[in-house]
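Worksheet: one structure, shown below.
Each value in this text was obtained by applying a stated rule to the coordinates, not by laboratory testing. Quantities reported herein were computed from a predicted structural model and do not represent experimental measurements. Please note: Cβ atoms are built from the backbone with ideal geometry, for glycine as well, and neighbour counts cover all protein chains shown.
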Amino acid sequence: MNFSNKVVFVAGGTTGINFGIAESFVAAGARVAVLSRKQDKVDAAVAALKAKGGEAIGFAADVRSIEALDAAMAATAAQWGAIDVLVSGAAGNFVSEADQLSANGFKTVIDIDLLGCFNVMKAAFPHLKKPGASIVNISAPQSWLPTPMQIHVCAAKAGIDQVTRTAAMEWGPKGIRVNAIAPGPIADTEGMKRLAPTPAAAQAWTDSVPLRRWGTRQEIARVTQWLCSDDASYVSGVILPVDGGWSLGGSSAMSSALLAS
Ligand code: HXC
């Protein structure tokens, strides 16, 4: 894929899946801005992206703050021009049964994942290339598959899917495509450290995927790039599973395992 001189903003882009996406866009020639809460993680990510020969900038900000996002998007556009690609992937997760989860625990994940996704899109909108920009939100199979211990994440990701579809309808006439991907179990991510904390749990995840393996950050990045490329120029409003087929039925096995844990 060639994204030479394209401006890419990845919210949550300093670790895991989102950092993999940022790396892949740098490798494809893009100028990449990343944003996450902690300055040290931002500094490390920007240094790593520059070490790969890319142009990169970073912002330490919380996606729950629209003011901080407004400033980051404006600064990116001031430096490089209109934003071609926006990836919204900041997320929080932990496992908890619903009756053990505090109202603030539920609200915290809704605020980071769902409100954060809206805030990222809202702050970016004035600076998106019109026509031509492409947005990819990071959802999850939990958005349509009810999953024990994940009531907060299920609710937040379902909201992200509807934000994605609604924005695709409203912003399509301006030439902006809005899609989401729903990754299954992906190696080297904070999310899977939390969802598969033991070797036995990790094996149960592997066994529940039709392809019998976890995905890689590169596999998520490649699909993200495809969605943002001209090859996907007539694709908008879709929630695309990238999960080795896990959402076809593996969630049932994992639901049983989670309930038994
Ligand atoms: C129950 C918990 C909890 C836990 C926090 N809370 N951890 N409740 N079990 N393990 C509750 C707290 O008690 C508190 O409620 C409320 O949540 C807010 O907690 P804080 O720590 O103050 O929040 P904050 O500092 O904003 O941290 C947010 C966080 C944290 C989500 C709780 O884990 C975080 O920062 N995570 C970021 C990294 C991350 O999670 N990445 C994974 C994303 S993967 P009270 O009532 O006590 O005040 C992902 C993919 C999902 O999303 C799909 C995979 C297939």
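Quick look at the numbers
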quantity	calculated
Packing rank of 130-138, 83-91, where each peptide gets the mean count of other beta carbons within 10 Å, highest leading	83-91, 130-138
Surface/4 estimate of mean projected area, convex hull on alpha-carbon atoms of the stretch 129-261, nm²	8.0 nm²
Cβ-based exposure ranking for 6, 52, in which fewest neighbours within 10 Å come first	52, 6
Per-peptide average of other Cβ atoms within 10 Å, ordering 195-204, 118-127, 225-234 highest first	118-127, 225-234, 195-204
Area projected by the alpha carbon convex hull of the chain, averaged over all directions, nm²	12.9 nm²
Burial ordering of 177, 222, 194, fewest other beta-carbon atoms within 10 Å first	194, 222, 177
Anisotropy class of the stretch 18-88 from Cα gyration tensor, a/c 1.5 cut	oblate
Rounded to the nearest 20 debye, dipole of the stretch 206-261 from Cβ charges on Lys, Arg, Asp, Glu	180 debye
Residue-count net charge about residue 130 - beta-carbon cut-off 14 Å; Lys, Arg +1, Asp, Glu -1	+1
Sites residue 218 and residue 103, calculated FRET efficiency, Cβ-Cβ separation with R0 41 Å, nearest 0.05	0.60
Charge dipole of the chain about the Cα centre (unit charges at C-beta), most positive-ward option of 58, 18, 181	58
Charge context of residue 23, other residues only, Cβ under 14 angstrom, K/R +1, D/E -1	+2
207, 62 arranged by Cβ crowding within 10 Å, fewest neighbours leading	207, 62
Student exercise, the stretch 156-261 dipole from Lys, Arg, Asp, Glu Cβ charges, in Debye to nearest 20	120 debye
Dipole magnitude of the stretch 1-125 about its Cα centre (Cβ charges: Lys, Arg +1; Asp, Glu -1), debye to nearest 20	340 debye
13 Å beta-carbon shell around residue 158, net charge (K/R +1, D/E -1)	0
Charge-dipole axis of the chain as Lys and Arg at +1 and Asp and Glu at -1 on Cβ define it, positive-most pick from 125, 150, 3	3
